[in-house]
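Peer 1: Submitted below is the structure of interest, expressed as C-alpha cells.
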C-alpha cells in the first residue's frame, strides 16, 4: 500500500519514479506548447504529474483595455498600496502615480531616499470582487481562459465551485498583478519571491511594452518575464538548500518556502543545481502566454519589464491531494504566520464535492 508523503504530495511508492522521470527528461518534460497543440488529454496528463506548463499565444484579450493609459483614465484617482520589491516596503499612492511610471522612469515615484523603487501592485483589487470592480476585464479574461471546465468559477471540474452559494466562498480571483521590471542576475531581487500555493493557478500576461518601447536597460531581454518552477518531488532538497542559505546569512526563518523570504538569483540557482541537483524549469512569458501552476509547485517570478498580468486560482481533482499536503503544511506553521489560516476551506470543498458527486451519480 502506498502512503501519501506529507512533504510533496506523492505516494512513497511513487516518489523514486517521479524523481527518475524528472531526471531522465522524458517526453513529459516538455512544458511549452503552442495553443494549437495543447489538448485536454495533454493538460490532464501534465496536471496529474504535478507539472507546470505554458501555452504560447493562448489568450484573446482586448489589449487596449489592459494598457497603463486605460487604468490611468478609468481608475487613476483610486487609492492603492504598492510594494517595493527590493526593500519589501509598502507605499500608499493613487493608481495614476503607479501607472504613469510603468513605461516612463522620469514619471516614477521617488521615495525619501531619492530613489525610484521597483514597485508592484499585487492582488488588485485586494478586497473587492474583480467582476464588480473591473467588469469589462472580468468578461475579457474569462472568455480567454483555456480549459474553462477547470479554471472558471462555474467550471464543473473546479471543485471550489461545489461549495453552496450560502457559504462564504474563498476569494480565488481573478486578480491583477502589475509590476515594474526587475532583475534576476546575481544580487537580483526578482518580482515575486519563491513560494507555493494550496490551489492550482493560471496566469495570463495581458500587456507588456514591446522591446523597442522598453526602458533602455530592459532591452537586452526578449521575454517580458521569467518564471522558475520546482516540482513538488524536489521540494525537500530545495528546503534543505534554503535552510543552509538562511544559516549562512544569519536569518531566522520558520519555513524556507512558506515564509516567502527568498528570491533565487542566478548565483543561488546555480548553487541549488550543483549542491542539490535541482534545476527546476525556466519559463519565459510574453503577452499572450498563459502559465499554469499546479498546487504545491514552488515558483518565483521576475519581470524583465513592466507587465500587466491577471490570474485566477482553482481546485482540480488531479491536484487536490497536493492541495491537502500544502494545507497540512500551513497548519503546522507557527501561530500568527500569514499562511497558517485555511482561507481556502479545503475540508468544506472536499465534503461538498463528495456530496454533489454522490447526488449526480444517483440522479
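FYI, it's all coordinate maths here, none of it is from the lab. This one's a predicted model, so the numbers in the text were calculated from it and none came from an experiment. Positions of Cβ are backbone-derived with ideal geometry, glycine not excepted, and every protein chain shown enters the neighbour counts.
Peer 1: Tell me the residue from 256, 164, 209 that is over 25 Å from residue 338 (Cα atoms) and touching a helix residue (DSSP H, G or I) at 6+ places or on another chain (Cβ under 7 Å), please.
Peer 2: Exactly one residue qualifies, and that residue is 164.
Peer 1: Against the condition farther than 29 Å from residue 159 by Cα, touching a residue at least 40 places away in the same chain (Cβ under 8 Å) and surrounded by 14 or more Cβ atoms within 10 Å (Cβ to Cβ), how does residue 269 come out, does it pass?
Peer 2: Judged against the criteria, residue 269 is a match.
Peer 1: Further, regarding this structure: If a residue has to be surrounded by fewer than 19 Cβ atoms within 10 Å (Cβ to Cβ) and in contact with a helix residue (DSSP H, G or I) (Cβ under 7 Å, 6 or more places away or on another chain) to count, how many in segment 46-64 make the cut?
Peer 2: 4
Peer 1: Considering every residue within segment 335-349, establish whether at least one is in a helix (DSSP H, G or I) and either crowded, with 20+ Cβ neighbours inside 10 Å or in contact with a strand residue (DSSP E or B) (Cβ under 7 Å, 6 or more places away or on another chain) (or both).
Peer 2: Scanning segment 335-349 turns up at least one residue that is in a helix (DSSP H, G or I) and either crowded, with 20+ Cβ neighbours inside 10 Å or in contact with a strand residue (DSSP E or B) (Cβ under 7 Å, 6 or more places away or on another chain) (or both).
Peer 1: Looking at segment 189-212, which of its residues are surrounded by fewer than 17 Cβ atoms within 10 Å (Cβ to Cβ) and either in contact with a strand residue (DSSP E or B) (Cβ under 6 Å, 6 or more places away or on another chain) or in a loop (DSSP other than H, G, I, E, B) (or both)?
Peer 2: 210
Peer 1: Could I ask something else about it? Going through segment 108-138 one residue at a time, which ones are assigned to a helix (DSSP H, G or I), without any contact (Cβ under 8 Å) to a residue 24 or more places away in the chain and surrounded by 13 or more Cβ atoms within 10 Å (Cβ to Cβ)?
Peer 2: 131, 133
Peer 1: Kindly indicate the residue of segment 81-94 that is within 23 Å of the chain's Cα centre (by Cα) and not in a loop (DSSP other than H, G, I, E, B) and also surrounded by the most Cβ atoms within 10 Å (Cβ to Cβ) among those meeting that condition.
Peer 2: 82
Peer 1: Can you tell me which of (1) within 20 Å of the chain's Cα centre (by Cα); (2) crowded, with 20+ Cβ neighbours inside 10 Å; (3) not in a strand (DSSP E or B) is the one residue 102 doesn't meet?
Peer 2: (1)
Peer 1: Another question about this same structure. Considering only residues of segment 218-239 that are assigned to a loop (DSSP other than H, G, I, E, B) and in contact with a strand residue (DSSP E or B) (Cβ under 7 Å, 6 or more places away or on another chain), which is surrounded by the most Cβ atoms within 10 Å (Cβ to Cβ)?
Peer 2: 224
Peer 1: Out of 215, 242, which single residue is crowded, with 21+ Cβ neighbours inside 10 Å, farther than 24 Å from residue 344 by Cα and more than 16 Å from the chain's Cα centre (by Cα)?
Peer 2: Checking each option against the conditions leaves just 242.
Peer 1: Could you check segment 312-324 and list, in sequence order, the residues that are surrounded by fewer than 20 Cβ atoms within 10 Å (Cβ to Cβ) and over 17 Å from residue 147 (Cβ atoms)?
Peer 2: Selection gives 321, 324.
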